[in-house]
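Worksheet: one structure, shown below.
The values are calculated or read from the model by the stated rules, or taken from the named source; none is laboratory data. Predicted model, so just to flag it, every value in this text is computed and none were measured. Every residue, glycine among them, receives a Cβ derived from its backbone with ideal geometry; neighbour counts consider all protein chains shown.
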There are 2 protein chains.
Amino acid sequence: MAENNGGEGLLFLTDEQLRKGIEAMFFAYRGFTADPDRILSSLDYGRAHHRAVHFVHRSPGTTVGNLLTILGVTKQSLNRVLRSLFDDGLVEARVGKKDKRERHLYLTEKGAALERSLSDAQRVRMRTAYRAAGPQAVQGFRTVLEAMMDPELRRQYQGLKETPQ
Amino acid sequence: MAENNGGEGLLFLTDEQLRKGIEAMFFAYRGFTADPDRILSSLDYGRAHHRAVHFVHRSPGTTVGNLLTILGVTKQSLNRVLRSLFDDGLVEARVGKKDKRERHLYLTEKGAALERSLSDAQRVRMRTAYRAAGPQAVQGFRTVLEAMMDPELRRQYQGLKETPQ
DNA sequence: CATTTTATGTCAGCTGTGTTGACATTCCAA
DNA sequence: TTGGAATGTCAACACAGCTGACATAAAATG
């Protein structure tokens, strides 16, 4: 709709355009993680801790199994991260009432504070970029990113919209 | 132009919108790297090798120092990667004519073949996403990503446009 | 010419985060 | 009740970041 970009179009699908897109992803992702990374490294944490804290904040009471699906890592890898978050009192696990094998995860006050500090840093950059680019660009940004996800991950992503619990 | 998104606008800057953008970056980047990762792991390489090969292909004759700047890693880390690429005959280093301290990097035929296989895989996904999203969305995508980069990295990124050599 | 700076490489060692494999616990269903 | 499925833990390994220390050769500077 609108914008026929030159009759036969498809100029945006040339290898050169695609390469630019690939490099844009690479450089932008560096920026995207830079601010949280600084905070994390001062605490001897890494991105894995950030991701765990983010999704526990996002879906309080989620189980380890859910987190495994969302994060796409092995349970052993996640477990190492969770253990350090437990030990440092950032995340709390409560045994499931129905199924006692499950552990439901919650941020402590301290964990919530870290989450806030990380996501504040990340949101500042995001907000600045969004504002500079404008709402239409933002919509395009989200559209392309969604199309780039694996279908399984896209479902996870979209599912999170409606599943605050 | 068009789409005034609700008078006072700025609805796209709410924390909830920003969080969606953050998660979109996270899930999309997973998709973005998934296909090359599969090829790489079958060769006992990792993303670090992919990045090196990509930028050597992109700027043949680039020096180790240039690569360090672009990749943003330490020389020790890059050196480990480059050494394995030399040993496996994928990348070739030629001593500089003007400055003999510099080593200029080139892909061998074998290295170019790997680069092609990696970037083909990545481009397929990119092209599919671009086509599904349309040219206007792609433009917005690129605009937001550029705005998200660190200024230094943005210069690197934009500089690559004009500097095939 | 002597000195300093630059570009590069190498060795050792540490960290974070991914992996497999083996095993324990809990739940549920045959 | 027994066996499989889901879940979590411990051990060990690989990769790719990192810092620090040191070496060498070339270039730039005094």
- Message: Kindly evaluate A:G31 against the criterion of being within 16 Å of DNA strand D (Cβ to nearest atom) and either in contact with a Cys (Cβ under 8 Å, 6 or more places away or on another chain) or within 10 Å of chain B (Cβ to nearest Cβ) (or both).
- Response: yes
- Task: Determine if segment B:43-50 includes at least one residue that is in contact with a Leu (Cβ under 7 Å, 6 or more places away or on another chain), within 12 Å of DNA strand D (Cβ to nearest atom), of a type outside the set (D, E) and outside any helix (DSSP H, G or I).
- Result: yes
- If we keep just the residues of segment B:57-81 that are free of Cβ contacts under 8 Å to residues at least 24 places away in the same chain and surrounded by 15 or more Cβ atoms within 10 Å (Cβ to Cβ), which is nearest to A:F26 (Cα to Cα)? B:L71
- Query: Does A:A112 satisfy being within 14 Å of another protein chain (Cβ to nearest Cβ) and more than 25 Å from B:A129 (Cα to Cα)?
  - Reply: no
- Item | Complete set of residues in segment A:58-69 that are more than 12 Å from DNA strand C (Cβ to nearest atom) and either modelled with pLDDT of 95 or more or within 17 Å of A:Q158 (Cα to Cα) (or both) | A:R58, A:S59, A:T62, A:N66, A:T69
- Note on the structure: If we ask which residues in segment A:82-95 are within 10 Å of DNA strand D (Cβ to nearest atom) and surrounded by 13 or more Cβ atoms within 10 Å (Cβ to Cβ), their number turns out to be 3
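Mind telling me which of the residues B:L145, B:L153 ends up being facing another protein chain (nearest Cβ under 7 Å), assigned to a helix (DSSP H, G or I) and within 16 Å of DNA strand D (Cβ to nearest atom)?
Values: B:L145 fails: within 16 Å of DNA strand D (Cβ to nearest atom).
B:L153 is the lone residue from the list that is facing another protein chain (nearest Cβ under 7 Å), assigned to a helix (DSSP H, G or I) and within 16 Å of DNA strand D (Cβ to nearest atom).
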